Amino acid sequence: MMVIIMSTTSPSPASAEERTEAVLIDRKKADAPWRDVLDGAARWEVRIHEHGMIALVDVMPRLVRGEQTADSAIVQAARVSYGSGTKRVQEDRGLIRYLMRHRHTTPFEMVEFKFHVAMPIFVARQWIRHRTANVNEYSARYSVVPDRFYVPTADNVRKQSRSNRQGGEELIDIGTAEEFLDYLESCRKQYARYEQLLEKGVSRELARIGLPVNVYTEWYWKCDLHNILHFLSLRMDEHAQKEIRDYAVAMFELIKPIVPVTCEAFEDYQLGGVTLTRLELEALRGGQPLATGNKREQAEWEAKRRKLGL
Ligand SMILES: Cc1cc2nc3c(=O)[nH]c(=O)nc-3n(C[C@H](O)[C@H](O)[C@H](O)COP(=O)(O)OP(=O)(O)OC[C@H]3O[C@@H](n4cnc5c(N)ncnc54)[C@H](O)[C@@H]3O)c2cc1C
């Protein structure tokens, strides 16, 4: 019979003093004065609709040298790969635009933004699908949900689109819009019952489940620039629901002054660009209709042709 004896002893960990002595930190001075990219503000906030807001509360890098912008962190990271070369502002711009055009994405991950957002739950449900962010949400298990509801103005009640499954831009007649707003009024009655039931001792985690999806929630949302641009390309697009688009547009305005060169490249190559498929290229070259019977693809080609001025 073989007996295996396992030792439970391991080398004793170094004491705190020994560890501290072993690490020598060289605190190097910056070669130019630092500038806060948020100009010393606690937050940059934009109000959205009646009760919502999006606030930029922190940035990495928060401090940049001299007149630089946070674009400099992208350039710095890229030059680890591409070599330092010359460092004039114009060349930094060229490098960022090159990175964007050729989808060299990791340098854009070197910049991070942290937002504080208050939005209706139906917007949060769409937003949370973007999995690459770090999120901490207000808990309706621990706190009472405030009585804030998203109610569109009558001139914002949109008609169901005939061409796709989403709401279009076309407005419904004023009578139906008012009927819809009256229907939303019922959320206030439901909220009053929520409060009454809390008072009677029903737990917060259960009482909240009767609240509608237009009630507001809040979260801190931190994400790197590469994934923010991906979020913006989807949520600033005309196919995104108007309510989340309003937040995405405000987010873009908040980051623009921090990373202006990147945002300009994003507008030039992504927001303002058109990507063509092989079928579309062939149709363009041959002056032929698109070689597909798929109605949706044909409609998309028509939209691209209009954008191209054809
Ligand atoms: C107009 C519109 C309509 C939509 N309609 C619906 C709908 O009807 N139903 C529905 O369910 N959703 C819908 N969505 C949500 C959509 O399908 C995506 O879930 C959402 O847009 C997030 O996109 P993403 O996964 O690219 O982004 P993120 O989660 O931010 O991820 C960014 C990128 O990281 C990579 N990534 C992240 N996580 C993973 C992973 N686990 N594995 C592999 N790669 C990963 C992918 O490349 C991804 O593109 C809709 C979105 C839009 C914009």
Hey, can you tell me all the residues within the stretch 255-270 that are surrounded by fewer than 20 Cβ atoms within 10 Å (Cβ to Cβ) and in contact with a Leu (Cβ under 8 Å, 6 or more places away or on another chain)? GLN270
Within the stretch 155-165, work out how many residues are outside any loop (DSSP other than H, G, I, E, B) and either within 16 Å of the ligand (Cβ to nearest atom) or assigned by TED's automatic domain parsing to the domain that holds LEU229 (or both). 2
Let me spell it out: the conditions are (1) modelled with pLDDT of 95 or more; (2) away from the ligand (no atom under 16 Å from the Cβ); (3) on the phi < 0 side of the Ramachandran plot, and ASN227 meets all of them except one. Which number is the exception? (2)
If only one of LEU254, LEU229, LEU279 is under 19 Å from ALA70 (Cα atoms) and out of contact with any Cys (no Cβ under 9 Å at 6 or more places or on another chain), which one is it? LEU254
Strands (runs of 3 or more DSSP E) (entirely within the stretch 13-121) containing at least 3 residues that are of a type outside the set (Phe, Trp, Tyr) and in the same structural domain as CYS223 (by TED's automatic domain parsing): 44-48, 52-60, 63-65, 112-120
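Tally the residues that are in a loop (DSSP other than H, G, I, E, B) and either surrounded by 13 or more Cβ atoms within 10 Å (Cβ to Cβ) or assigned by TED's automatic domain parsing to the domain that holds GLU297 (or both), restricting the search to the stretch 122-138.
4
Yes/no matrix, rows are residues, columns are (1) over 27 Å from ASN156 (Cα atoms); (2) more than 16 Å from the ligand (Cβ to nearest atom); (3) in contact with a Cys (Cβ under 8 Å, 6 or more places away or on another chain):
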residue	(1), (2), (3)
PRO212	no, yes, yes
VAL215	no, yes, yes
CYS223	yes, no, no
ARG235	no, no, no
CYS263	yes, yes, no
PHE266	yes, no, no
GLY272	no, yes, no
Going through the stretch 92-120 in order, the residues found to be aromatic (Phe, Trp, Tyr) and within 29 Å of LYS242 (Cβ to Cβ) are PHE108, PHE113, PHE115
If I filter the stretch 227-273 down to residues being under 10 Å from the mean Cα position of the chain (by Cα) and among the polar types (S, T, N, Q), which single residue comes out as farthest from ALA133 (Cα to Cα)? SER233
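The values are calculated or read from the model by the stated rules, or taken from the named source; none is laboratory data. Predicted model only: the values in this text are computed from it and were never measured. Cβ coordinates were reconstructed from backbone atoms using ideal geometry, including for glycine residues, and neighbour counts include every protein chain displayed.
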